[in-house]
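A quick write-up on the structure given underneath.
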Amino acid sequence: MKRFSFTLVMFAGAVVSVFAQFDPATSGSYQCSRRKSNVQNSPFLPSQPNTVGPHAYDVLKYTINLDIYHCYLSPFPHDFKANVRIQFQADSTITNIALNASGSSLHIDSVKLNAASYTHTGNILTISLDRTYYPGETAEIQIYYRHNNVIDGAFYASGGFVFTDCEPEGARHWFPCYDSPSDKALLDLTVKVPANVKLGSNGRLADSVKTADTIVYHWVSTKKLATYLVVMTSKVNYKLDIVYYHKVTNPADSIPMRFYYNSGELPYSCESIIDSMATYYSRNWCEHPFEKNGFATLNNEFYWGGMENQTLTSFCPGCWDVGLMSHEFAHQWFGDMITCDTWADIWLNEGFASWSEAYWYESSGGYTAYLQAIQSFASSYLQGNPGWAISVPAWAVNTPSLGVLFNWEITYCKGACALHQLRYVIGDSLFFKIMKTYCADTNYKYKSATVANFNEVVNSVTGQNYDWFFNEWIFSPNHPVYVNSYQFISLQGGNWEVDFNTKQVQTNAPFFIMPLKLKVHFTDNSDTVVKVMNFYNNQLFKLFFNRQPQSFYFDPANEIVLKQSSTIVGIPETPDTPEVILGQNSPNPASSITTISFVLPAAAEAQISITNTLGEVIWQSDKVVYPKGTHSVEANLSSLPSGVYIYALTTQGRSYIKKMVIYR
């Protein structure tokens with residue numbers, strides 16, 4: 001048997017060439033990460049006892065009334081008076097409730113309605129109720145409070161600007177609340193400001209009443225939102241443009257897109273593209289989920305990136321960048337409409353929005369532009385990987401530091417690439433069906449979801465178990481390091497055999513099951529791409545062709561972006577042994593029943609599988625221990641459409657592969 005002894009090394013792990021229009025260092029994802037992980041005077045507080053364990057009650061609605069008139073006047077104090085009415089429903093038998101209320105920012109004056117007494121200790125406001133409430137019963141409490149004249153990283157006031165910024169746990173600094181992303185509620189916000197102030201918030205503007213030198217804004221959100229997405233954005237002499245998006249599902253129905261901006265800024269680049277972006281996202285996921293949307297540039301206290309507050313995104317001053325908008329606007333679906341249930345599920349927010357930023361490039365540049373952006377994210381991850389998983393279960397109980405939660409390399413770059421690799425594994429048709437199904441599922445739409453919930457959607461839509469994918473890419477750290485080898489073997493009658501051996505050598509992560517694309521270029525200038533399933537380490541694949549191969553490529557388009565790899569010519573010498581022979585299926589082309597024959601040189605366990613060109617296993621025989629000799633397996637193909645398929649014999653750690661054709 002002839003062995004090729006020369007060696008050629010090809011590195012496919014890191015990507016250095018990307019489309020000039022996508023630069024990860026200036027991408028919306030990067031700006032978002034830097035804003036959230038390095039925010040000054042961070043509103044972050046460690047999780048409090050009422051945000052862990054079983055939830056005893058469910059907040060239904062927050063009705064907030066604020067008087068912040070004097071916050072716009074020099075010296076721009078941070079103190080104000082307010083009250084919040086909280087309607088809630090008991091989930092279990094309760095006699096009291098606990099709320100998050102920052103002890104340094106908030107002073108509680110009184111608690112009314114269905115409240116008997118209260119204590120405010122540290123950052124927890126505990127309210128004794130007027131009686132015992134049983135599951136399903138509703139009650140209301142009204143809290144009168146003052147915000148102290150302190151800078152807390154959640155409520156900002158300076159130079160005629162007043163705004164809030166709350167992710168991950170900053171809402172508790174400016175109103176008492178159950179400050180957890182899992183508890184979404186309706187919002188009714190009324191705010192008194194000077195007459196020359198424009199103020200935006202979540203939902204729709206129900207009313208604005210001007211009296212003398214004051215104006216009272218009334219904003220109402222008819223869709224539930226998480227507390228970290230509650231926002232108030234305002235400024236003296238704010239500029240405001242309104243453009244309209246016409247729904248894909250009903251073009252006669254228009255949705256206002258409000259653009260608040262500072263004097264001297266030019267938001268036109270974003271205003272001109274928002275209709276196209278909303279249409280693109282709506283067609284591929286679900287209709288734009290809210291009755292209004294908008295964007296607002298802030299001041300230098302919000303010095304970098306953006307924050308995806310529900311229906312009113314915050315931007316840094318002058319940051320009218322389409323890339324930033326594509327990331328933050330995607331959050332209206334992934335993060336706002338469907339919110340991460342806990343901070344362990346942050347992938348469903350930031351990973352999806354970062355992937356969406358690359359996907360926006362596909363709208364104009366096709367798959368090539370999209371893949372270049374994804375590969376750029378992968379390059380950033382590979383260069384700076386800190387070595388933890390995308391989702392760590394402990395984060396559901398103990399919120400990690402901002403630098404971990406919003407880590408650029410893991411949460412954003414690897415997060416985007418993991419979603420891309422799901423697309424690669426299952427193919428576009430099923431992938432986008434998954435995205436639409438996820439967005440339409442009433443268990444999650446306008447509610448919250450876990451990574452496990454999304455995993456369930458994937459399994460349901462595909463009809464297969466993809467738990468392995470989530471265990472590898474979401475719940476495990478790091479990535480595979482492939483050391484591959486191949487060889488060409490000349491057979492009789494002008495036939496050729498291509499052997500490919502794949503091995504993973506990483507020591508900081510488990511083995512990664514993945515479908516692998518292999519490209520063979522032939523001397524007649526033709527190409528063949530085969531997708532095989534790599535189920536175990538050091539797996540050998542044997543491919544057979546009736547023309548002479550010239551060159552071989554592993555993952556030719558670098559679609560498995562989260563990897564390092566090298567491929568050498570020349571599989572290490574092994575003692576010659578009697579060969580396993582996989583025969584051509586008969587008949588071929590086949591229409592309904594086909595027979596696959598094979599020869600085993602010794603007794604061994606063997607299995608036949610048939611996959612489509614996406615690498616999905618669509619038929620599989622039982623694993624059987626066969627004696628030495630010739631055997632055959634019958635496969636019923638009557639349910640499969642016409643096309644080209646791959647069939648494989650797997651035995652003794654090796655896979656032998658051939659093509660078959662189904663034609664009717």
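The values are calculated or read from the model by the stated rules, or taken from the named source; none is laboratory data. Everything numeric here is computed off the predicted structure, so don't read it as measured data. Positions of Cβ are backbone-derived with ideal geometry, glycine not excepted, and every protein chain shown enters the neighbour counts.
Side notes on the structure shown:
- Of the residues making up region 637-648, at least one is more than 30 Å from D524 (Cβ to Cβ) and either surrounded by fewer than 16 Cβ atoms within 10 Å (Cβ to Cβ) or of a type in the set (S, T, N, Q) (or both).
- Every condition in (1) at pLDDT 80 or above; (2) surrounded by 14 or more Cβ atoms within 10 Å (Cβ to Cβ) is met by E616 except one, and the failing one is (1).
- The number of residues in region 188-234 being polar (S, T, N, Q), touching a strand residue (DSSP E or B) at 6+ places or on another chain (Cβ under 9 Å), over 22 Å from P168 (Cα atoms) and part of a strand (DSSP E or B) comes to 4.
- Tabulated pairs, region 393-405, first farther than 16 Å from D179 by Cβ, second surrounded by 13 or more Cβ atoms within 10 Å (Cβ to Cβ) and among the hydroxyl-bearing types (S, T, Y), C-beta under 8 angstrom, 6+ apart or interchain: G403/S37
- Residues located in region 408-450, provided they are assigned to a helix (DSSP H, G or I) and of a type in the set (F, W, Y): W408, Y412, Y424, F431, F432, Y438
- Test: S282 is over 30 Å from A396 (Cα atoms) and hydroxyl-bearing (S, T, Y): yes
- Selection within region 320-365: residues that are within 16 Å of F406 (Cα to Cα) and small (G, A, S). The member of this set that is surrounded by the most Cβ atoms within 10 Å (Cβ to Cβ) is S354.
- Close pairs from region 594-609: first in the same structural domain as V644 (by TED's automatic domain parsing) and in contact (Cβ under 8 Å) with a residue 40 or more places away in the chain, partner surrounded by 14 or more Cβ atoms within 10 Å (Cβ to Cβ) and of a type in the set (G, A, S), Cβ under 6 Å, at least 6 apart: T594/A635; Q607/S621; I608/S621; S609/A648
- Scanning region 430-465 for residues that are within 30 Å of L518 (Cβ to Cβ) and either at pLDDT below 95 or not aromatic (F, W, Y) (or both) turns up L430, K433, I434, M435, N455, V458, N459, V461, T462, G463, Q464, N465.
- Taken across region 590-606, residues that are more than 28 Å from K519 (Cα to Cα) and out of contact with any strand residue (DSSP E or B) (no Cβ under 8 Å at 6 or more places or on another chain) do occur, with at least one present.
- Those residues of region 470-492 which are closer than 20 Å to W395 by Cβ and either small (G, A, S) or surrounded by fewer than 20 Cβ atoms within 10 Å (Cβ to Cβ) (or both), in sequence order: N471, F475, S476, P477, N478
- Across region 92-118, the number of residues qualifying as polar (S, T, N, Q) and surrounded by 18 or more Cβ atoms within 10 Å (Cβ to Cβ) comes to 4.
- Filtering region 514-544 to residues that are modelled with pLDDT of 95 or more and of a type in the set (F, W, Y) leaves only F522.
- Listed by position, the strands (runs of 3 or more DSSP E) contained in region 508-552 that have at least 1 residues being aromatic (F, W, Y) and crowded, with 20+ Cβ neighbours inside 10 Å are 539-545.
- Among the residues of region 457-473, at least one is more than 20 Å from N612 (Cβ to Cβ), β-branched (V, I, T), assigned by TED's automatic domain parsing to the domain that holds S379 and within 28 Å of the chain's Cα centre (by Cα).
- Residues of region 610-649 that are of a type in the set (S, T, Y) and touching a residue at least 60 places away in the same chain (Cβ under 8 Å): T611, T613, Y647.
- Residue that is touching a Cys at 6+ places or on another chain (Cβ under 8 Å), within 28 Å of S282 (Cβ to Cβ) and in contact (Cβ under 8 Å) with a residue 12 or more places away in the chain, where the choices are T233, T222, T227, T249: T227
- Flag not set for T279, criterion: in a loop (DSSP other than H, G, I, E, B) and not acidic (D, E).
- The requirement of being in a loop (DSSP other than H, G, I, E, B), within 21 Å of I338 (Cα to Cα) and hydrophobic (A, V, I, L, M, F, W, C) is fulfilled somewhere in region 375-390, by at least one residue.
- Residue pairs meeting the criteria (Cβ under 8 Å; at least 6 apart or on separate chains; first among the aromatic types (F, W, Y), in region 273-285; second outside any loop (DSSP other than H, G, I, E, B) and surrounded by fewer than 16 Cβ atoms within 10 Å (Cβ to Cβ)): W285/K436
- Residue match in region 152-166 (condition: modelled with pLDDT of 95 or more, surrounded by fewer than 16 Cβ atoms within 10 Å (Cβ to Cβ) and charged (D, E, K, R)): no
Table: residues versus (1) closer than 29 Å to T233 by Cα; (2) not hydrophobic (A, V, I, L, M, F, W, C).
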{"position": "L73", "(1), (2)": "yes, no"}
{"position": "F76", "(1), (2)": "yes, no"}
{"position": "A98", "(1), (2)": "yes, no"}
{"position": "S104", "(1), (2)": "yes, yes"}
{"position": "S117", "(1), (2)": "no, yes"}
{"position": "I127", "(1), (2)": "no, no"}
{"position": "T132", "(1), (2)": "no, yes"}
{"position": "A139", "(1), (2)": "no, no"}
{"position": "V150", "(1), (2)": "yes, no"}
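- Which listed residue, of D499, D555, is at positive phi, charged (D, E, K, R) and not assigned by TED's automatic domain parsing to the domain that holds I657: D555
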